[in-house]
Amino acid sequence: MLPKIALIGRPNVGKSTLFNRLIRSNRAITHDRPGVTRDRMEGYVKVEDRKFIIIDTGGITLDEHAAVTEGPDELRGFEAEILRQTEDARRDSLALCLVVDGREGLTPFDESLADYVRKSGKPVLLAVNKVDGEENADLYMAEFHALGFPIIPLSGAHGFNIRAFSEELFDLLPPEEEAVEEEEEKPLKIAMLGRPNAGKSSLVNVLTGSQRMIVSDVAGTTRDSVDITVEIKGERYVFVDTAGVRRRAKIQDPVERYSVNSSLKSTTKANVTMVVLDAMEGLTQQDKRLIDLLDERKTPFMLVINKIDLVPRESLTALKRVYNDALTFCKHVPILYISAMQKRGIDKLLPIARRIHKECYVRVGTGLLNRTMTDAITRHQPPVVKRVRPKFFYLTQAETNPPTFVFFVNDHERIKESYARYLEKYLRKTFEIEHAPMRVRFRSSHKKNRDKK
């Protein structure tokens, strides 16, 4: 495992902006509003052949003695959870970076946090943020020297001194910890998607066996799309917990709008997406639109119906019938009924996710493809369209992920939708592609033009 360094500080000092600068990506949501970050987030920092993990944490407003400072409304009710997340990051890190606001100067709570990081006994770098240039550095840094840490002025917003910042962080690590990460099999990346308060964070905590994500009855607790890497039964996974997705028309908050966009983007980078739904709320129009979007994009996904422990036993059969009837347009998608709270049905999730991922990369030889096409047409001939029966020439596999099959025919416009569905079903059964998305296309062959001559 690579060494870790945690960014620690009070709200609105610019930790997330620095995090994005260091990893060279806009993964963490940044906003002028204080208290946007709640869960901790990890990313890779690389300079030449050296690499480490940087941890972004939420702004601390609660000290170790449960004394609350004047914190932003965004963090109201989450103070203890954020402190716990920061404590986990402090424990997991080999070094710490205390981030302060150079414009605001040294505050009493900065001094309290300095004591907090000092108690860890680990190397600490003091980053004085929001210093826009070298000409202001001495002025903004003056009073922070009293904390006794190595100090660097910088600006996450404008990029001032970021390269030197990266090198200073590397210098905190013991030489033996600067090794390049070894090449290894990539972990299976699973994104959690769904409406607010469906139980995505609870499910991540159960699967990872830790309280990695902040869980609350307050809808919209998760803001950033957070990656959690873990090994389970010898297999490596990256779980991406995302913000709840609501209808765009209902979103007024710019932070929530950014969160929703980030959630949908996460599905394009994941190997498999788990769409987590609330069994008590039923299948809403927003759920159907989300599922339709994933199906249209050919995203590998599964439906996870959470909170079935709250559904009366006599109503469970009717509930399953509702989901099966509503999702006839994507019958290949597996539907699992679980309770994250009671850990019911959890053991089935990861094996099915791995099966979906494996099916996405099925590759079929030319001989088997064309034997299968012949068998399918022999069993059920294509219907006559405009007094002409479509003629099939051959079948090829164009690509994987998702498996894409192309039938070459004399006139693709004569293939009925119902016959296309029959062929897809036949291919799925023959090639054992039960749950992965699949594309079946029809192309008019050049043979058609030769026949006309």
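Here are some notes:
- Top-ranked residue in segment 244-265 [being among the small types (G, A, S) and touching an Asp or Glu at 6+ places or on another chain (Cβ under 9 Å); ranked as modelled with the lowest pLDDT]: S259
- Looking across segment 342-351, the residues that are open to solvent by less than 30 Å² (accessible area, probe 1.4 Å) and at negative phi come down to I346, L349, L350.
- Restricting the first member to segment 290-314 and to residues that are among the charged types (D, E, K, R), and the second to residues that are surrounded by fewer than 21 Cβ atoms within 10 Å (Cβ to Cβ) and in a helix (DSSP H, G or I), the beta-carbon pairs closer than 6 Å and six or more apart or on different chains are D295/C330.
- Residues of segment 91-104 that turn out to be in contact (Cβ under 8 Å) with a residue 60 or more places away in the chain and surrounded by 19 or more Cβ atoms within 10 Å (Cβ to Cβ), as a count: 8
- Complete set of residues in segment 355-385 that are over 30 Å from V206 (Cα atoms) and assigned to a loop (DSSP other than H, G, I, E, B): V362, R363, V364, G365, H380, Q381, P382, P383, V384
- Subset of segment 169-217 (residues that are at pLDDT below 55, surrounded by 12 or more Cβ atoms within 10 Å (Cβ to Cβ), in contact with a Lys or Arg (Cβ under 8 Å, 6 or more places away or on another chain) and among the β-branched types (V, I, T)): I214
- Considered as a group, the residues in segment 365-384 that are open to solvent by 20 Å² or more (accessible area, probe 1.4 Å) and among the aliphatic types (A, V, I, L, M) include one that is nearest to I433 (Cα to Cα), and that residue is L368.
- For Y426, the criteria (1) in a helix (DSSP H, G or I); (2) under 30 Å from F301 (Cα atoms); (3) out of contact with any helix residue (DSSP H, G or I) (no Cβ under 8 Å at 6 or more places or on another chain) hold in every case but one, which is (3).
Yes/no matrix, rows are residues, columns are (1) within 36 Å of the chain's Cα centre (by Cα); (2) of a type in the set (S, T, Y):
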residue: G367; (1), (2): no, no
residue: M373; (1), (2): no, no
residue: E413; (1), (2): no, no
residue: Y419; (1), (2): no, yes
residue: E434; (1), (2): yes, no
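- Considered as a group, the residues in segment 349-377 that are in contact (Cβ under 8 Å) with a residue 12 or more places away in the chain and hydroxyl-bearing (S, T, Y) include one that is farthest from I335 (Cα to Cα), and that residue is T366.
- Failed criterion for R223 (all others in (1) part of a loop (DSSP other than H, G, I, E, B); (2) at pLDDT 85 or above; (3) touching a Phe, Trp or Tyr at 6+ places or on another chain (Cβ under 9 Å); (4) open to solvent by 10 Å² or more (accessible area, probe 1.4 Å) hold): (2)
- Taken over segment 325-354, the criterion of being outside any helix (DSSP H, G or I), among the aliphatic types (A, V, I, L, M) and more than 20 Å from Y422 (Cα to Cα) is satisfied by I335, L336, I338, A340, M341.
- Those residues of segment 84-118 which are more than 34 Å from the chain's Cα centre (by Cα) and assigned to a loop (DSSP other than H, G, I, E, B), in sequence order: R103, E104, G105, L106, T107
- Within the option set T328, T317, being over 22 Å from the mean Cα position of the chain (by Cα) and either touching a residue at least 24 places away in the same chain (Cβ under 8 Å) or within 24 Å of K425 (Cβ to Cβ) (or both) holds for one residue only, T328.
- The one condition in (1) under 23 Å from A164 (Cβ atoms); (2) among the charged types (D, E, K, R); (3) modelled with pLDDT under 75 that R76 fails to fulfil: (1)
- Among the residues of segment 386-420, those that are over 24 Å from E432 (Cβ atoms) and assigned to a loop (DSSP other than H, G, I, E, B) comprise K386, R387, R389, P390, K391, N410, D411, I415, K416.
- Selection within segment 318-341: residues that are of a type in the set (S, T, Y) and in contact with a helix residue (DSSP H, G or I) (Cβ under 9 Å, 6 or more places away or on another chain). The member of this set that is most open to solvent (accessible area, probe 1.4 Å) is Y337.
- Against the numbered list (1) under 19 Å from N197 (Cβ atoms); (2) modelled with pLDDT of 80 or more, D241 comes up short only at (2).
- Subset of segment 130-163 (residues that are small (G, A, S), surrounded by fewer than 20 Cβ atoms within 10 Å (Cβ to Cβ) and in a loop (DSSP other than H, G, I, E, B)): G133, G148, A157, G159
- Segment 297-314: number of residues that are open to solvent by 30 Å² or more (accessible area, probe 1.4 Å), within 25 Å of the chain's Cα centre (by Cα) and either at pLDDT below 90 or of a type in the set (A, V, I, L, M, F, W, C) (or both): 1
The values are calculated or read from the model by the stated rules, or taken from the named source; none is laboratory data. Small disclaimer: the values here were computed from a predicted structure and weren't measured. Backbone-built Cβ (ideal geometry, glycine too); neighbour counts: all protein chains shown. These area figures cover heavy atoms from the full protein model, side chains too; ligands, DNA and RNA do not enter into them. Shrake-Rupley method; radii C 1.70, N 1.55, O 1.52, S 1.80 Å.
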